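S.K.: The structure's right below; bear with me while I get my questions together.
The values are calculated or read from the model by the stated rules, or taken from the named source; none is laboratory data. Note that the structure is a prediction, hence the values are computed from the model and not measured. A quick note on method: Cβ atoms are made from the backbone with ideal geometry, for glycine too, and the neighbour counts reach across all protein chains shown.
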Amino acid sequence: MDAKISRPGTPDEIKARRTAIEQENVKLQIEHLMTYPLVKTAVTDGKIKVHGLYYDLETGGIKPDLLKMVPLTGTVRSRF
């Protein structure tokens, strides 16, 4: 992730960078989950849907633009 975004210089940039890293982590954890054959098969067969949400620890809420949960169809789709 460090290679994707520049080093922060201001407090706002630090916060934005932290948020981007946290959201990327959600995506990576879903990708990790999809490596389990049982999960991947269940998603592919339509038996389960895997969703990723971003919970904002600072505000205590789920960001509205991330409330739209996107079902996976065997591959990872990122909302970030």
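S.K.: Being of a type in the set (Gly, Ala, Ser) and farther than 18 Å from Arg7 by Cα is the filter here; which residues of the range 17-31 pass it?
M.R.: Listed by number, the list is empty, since nothing qualifies.
S.K.: Another question, then. Would you mind stating whether Val76 is at pLDDT 85 or above and surrounded by 14 or more Cβ atoms within 10 Å (Cβ to Cβ)?
M.R.: No, not satisfied.
S.K.: From (1) charged (D, E, K, R); (2) at pLDDT 85 or above; (3) out of contact with any Phe, Trp or Tyr (no Cβ under 9 Å at 6 or more places or on another chain); (4) within 24 Å of Ile62 (Cα to Cα), pick out the condition that doesn't hold for Glu22.
M.R.: Tallying (1) charged (D, E, K, R); (2) at pLDDT 85 or above; (3) out of contact with any Phe, Trp or Tyr (no Cβ under 9 Å at 6 or more places or on another chain); (4) within 24 Å of Ile62 (Cα to Cα), Glu22 fails exactly one: (3).
S.K.: Now a separate question. Just one of the numbered conditions (1) modelled with pLDDT of 85 or more; (2) surrounded by 13 or more Cβ atoms within 10 Å (Cβ to Cβ); (3) more than 20 Å from the chain's Cα centre (by Cα) is not true of Val43; which one?
M.R.: The number of the failed condition is (3).
S.K.: What are the residues in the range 1-43 that are β-branched (Val, Ile, Thr), farther than 21 Å from Leu53 by Cα and not in a helix (DSSP H, G or I), if any?
M.R.: Within the range 1-43, Ile5, Thr10 meet the criteria.
S.K.: Moving on to the next point. Is there a residue being under 21 Å from Gly61 (Cα atoms), surrounded by 14 or more Cβ atoms within 10 Å (Cβ to Cβ) and over 13 Å from the mean Cα position of the chain (by Cα) anywhere in the range 3-15?
M.R.: Checked against the condition, which is being under 21 Å from Gly61 (Cα atoms), surrounded by 14 or more Cβ atoms within 10 Å (Cβ to Cβ) and over 13 Å from the mean Cα position of the chain (by Cα), the range 3-15 yields no hits at all.
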